[in-house]
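Just below is one structure, and these are the notes that go with it.
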């Protein structure tokens, strides 16, 4: 079966329609079948077609100006070898359920291909995950490392249960020592019961900046510094001077508290928060707050997911750039 190459796609004659009917390859058009370049290269590799004046390596070389083409081909080949039919699309590939194919059956995944050092734009991710959800598809990132190894990640919005924080009870005063705030334990036994702070000693509890800001915003904490009242704005100025991420961390902390969760620092895991959802015995989630316009290297996301998995937690990126904070979960998936 011979194909002609026009520089952008390959075309087979009427006999090529059998590839579409049997395996879902290409897109039928008048008088034949048009193949995407990834499809054509795979079929050439499988010796199912011939391309005039081109070998496999020659056709691949023609595509070398597109830095991402070879990675897309590796993903296309891997998915085909796993028994999936797929087509190219806006998210690189639309992948059908095993046993289904274009024209017969429904697609299950939308797949975006990324190299290990590619930047992942979270504004784009949020939009594409929403598109996939509206289409009732699963959104995947296929990460390709420098040795051509593939790792698949399912990316989705984690709809944290909104248990509600309930009515706020208990008020207390604290002393600000720079960004650190100390509260007498005897004055506020409810702090430990609700998962706030850490004992400094038997008499005093130390509160972190995000805890201080949330408690001040909910009217449960007033501050003094050197014996004089300290406003929320003045305290924020002191605390933010040594923490450039405090703004988004405070927003996410407050949202998690509103949902009835118990966030604590996730520093030892390399992220902003470890999140308790039922009591304070085990935190099933890690959360990292990211502001609008954030782009992270795929390798950094991979490290985060692997670490979260190793401690039996889910990895969430809390995107602070929409009217409602969206928690984007990355999880390795086996296809």
Helix 122-134: inclination vs the chain longest Cα principal axis, degrees, rounded to 10, gives 70
Neighbour-count ranking for 315, 298 (other C-beta within 10 angstrom, fewest to most) reads 298, 315
In whole Å, largest first, the alpha carbons of the range 161-243 cover along the principal axes 35, 30, 21
Checked the range 254-294 against the a/c 1.5 cut and the a/b vs b/c comparison, axes a ≥ b ≥ c from its Cα gyration tensor; verdict oblate
Per the helix-only model, the chain has a calculated mean residue ellipticity at 222 nm (DSSP H runs of ≥4, -39500 (n - 2.57) each, divided over all residues, rounded to the nearest 500) of -8500 deg cm²/dmol
For the range 1-65, the Debye formula with one identical point scatterer on each Cα and no solvent gives log10 I(q)/I(0) at q = 0.18, 0.20, 0.21 Å⁻¹ as -0.56, -0.69, -0.76
The helix 246-258 Cα axis meets the longest alpha-carbon principal axis of the chain at an angle in degrees, between 0 and 90 and rounded to 10, of 80
Mean projected area, convex hull of alpha-carbon positions in the chain, reported to one decimal in nm², is 20.4
Least to most buried among 159, 271, 54, by other C-beta atoms within 10 Å and fewest first, runs 159, 54, 271
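Quick note: the coordinates plus some simple rules give every number you see, no bench work behind them. Since this is a predicted model, take the numbers as computed values, not measurements. Backbone-built Cβ (ideal geometry, glycine too); neighbour counts: all protein chains shown.
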